[in-house]
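Contents: one structure, followed by commentary.
The values are calculated or read from the model by the stated rules, or taken from the named source; none is laboratory data. Note that the structure is predicted; figures quoted are calculated from it, not measured. Don't worry about glycine lacking a Cβ; one is built from the backbone with ideal geometry, like all the others, and counts go over all protein chains shown. Areas reflect the complete protein model, heavy atoms only, side chains present, ligands, DNA and RNA absent. Shrake-Rupley method; radii C 1.70, N 1.55, O 1.52, S 1.80 Å.
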Amino acid sequence: MCSVILVSSRQTVQMGRAKSVLWNAVIPCEDDNKKVKCKACGLIFAKNATRIYQHLTGIQGEVWVCTQQD
């Protein structure tokens, strides 16, 4: 016997992982939807979680390290 689960059309299901808290440290650029700006130092770079992580944590990589972080 099969059981049927009904889901209301009003419920929203979030797919994938939740956004990292690192996204709170940047704002989207008004000029280009594919770039973000660091709230602390103002550096503009590609919208990419790895680049944001490298920038804020000081890991040398594809983007400059944030000079204004605590």
Residue within the stretch 34-45 that is in contact (Cβ under 8 Å) with a residue 12 or more places away in the chain and loosely packed, with under 11 Cβ neighbours inside 10 Å present:
yes
Any residue in the stretch 11-31 that is open to solvent by less than 70 Å² (accessible area, probe 1.4 Å) sitting within a Cβ distance under 9 Å of a residue that is basic (K, R) and at pLDDT 80 or above? List the pairs, counting only those 6 or more apart or interchain.
A25/K39; V26/K37; V26/K39; V26/K47; C29/K35; C29/K37; C29/K47
Examine the stretch 46-57 for a residue that is modelled with pLDDT of 90 or more, open to solvent by 60 Å² or more (accessible area, probe 1.4 Å) and in contact with a Lys or Arg (Cβ under 8 Å, 6 or more places away or on another chain), and state whether such a residue exists.
yes
